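**Q** Okay, here's the structure, questions in a sec.
Computed from the coordinates by the stated procedures, all read-outs in this text should not be read as laboratory data. Predicted model only: the values in this text are computed from it and were never measured. FYI the Cβ positions are ideal-geometry reconstructions off the backbone, even for glycines, and counts take in every protein chain you see.
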Amino acid sequence: MADILHQVGINATPAQLYGVLTKESGLKSWWSEHSRIEPTIGSVASVSFYNNAVTFNFRINELIPNQKVVWEIVEGPPDWVNTTITWTIGENEGQTFIHFAQRGFASTEGNFAGVNYNWGWYVTSIKFLLEKGEGMPHTDADLPAS
């Protein structure tokens, strides 16, 4: 199995970081403007891209306020289904860290490298949102011109 891992320090509180991972307005500000989430264990959230051409549905498996969020992909591209995304929030000497992991890919073939790149982008988007007030979410403006 193959895993994607990222870590970044963010000048924000753990509560602010937890909020952008668990609130619909938060996801829309750093991931995709087409996000739906109810921060309840067992609920299924969704994020769509490219005018709903690509949609990921994920079950919220764990919520520990200001510490951890765990999602399981239940519907989406085949290589994503049954992978688990874990966001762990930590602090060290006044700095807040986000540890991101998407675990359970069958291999590093196919879209794995692109997915890894995209997660790096979106983790940076969270950092920009919390530190500069503006993230870099996917929007329909990102669609290629027809």
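**Q** Any idea how far the Cα center of the range 4-35 sits from the one of the range 80-146, in Å?
**A** Taking the Cα centre of the range 80-146 as reference, the centre of the range 4-35 is 9 Å away.
**Q** Where does each of Tyr18, Tyr50 land when they are ranked from fewest to most other beta-carbon atoms within 10 angstrom?
**A** Least to most surrounded, the residues fall as Tyr50, Tyr18.
**Q** Which of these values of log10 I(q)/I(0) by the Debye sum over Cα atoms at q = 0.13, 0.16, 0.18 Å⁻¹ was calculated from the structure shown: [x] -0.88, -1.08, -1.14; [y] -0.52, -0.78, -0.97; [z] -0.55, -0.85, -1.10?
**A** Identified label for the calculated read-out: [z].
**Q** Here is a follow-up. Which of Met136, Met1 comes first, and how do the rest follow, when ranked by fewest Cβ neighbours within 10 Å?
**A** If I rank by nearby Cβ atoms, fewest first, I get Met1, Met136.
**Q** Only Cα pairs within less than 10 Å get springs; with that Gaussian network setup on the chain, which residue of Ala101, Ala12, Ala53 has the largest fluctuation?
**A** Ala53
**Q** Name the residue, out of Thr84, Thr96, Thr124, whose mean-square fluctuation peaks in a Gaussian network model built on the chain with Cα pairs under 10 Å.
**A** Highest fluctuation among the options: Thr96.
**Q** Before rounding to the nearest 500, sum -39500 (n - 2.57) across all DSSP H runs of length at least 4 in the chain and divide by the residue total; then give [θ] at 222 nm in deg cm²/dmol. Walk me through the intermediate numbers first.
**A** On the way: 3 runs with 37 residues, N = 146.
Taking each H run of at least 4 residues, the total per residue is -8000 deg cm²/dmol.
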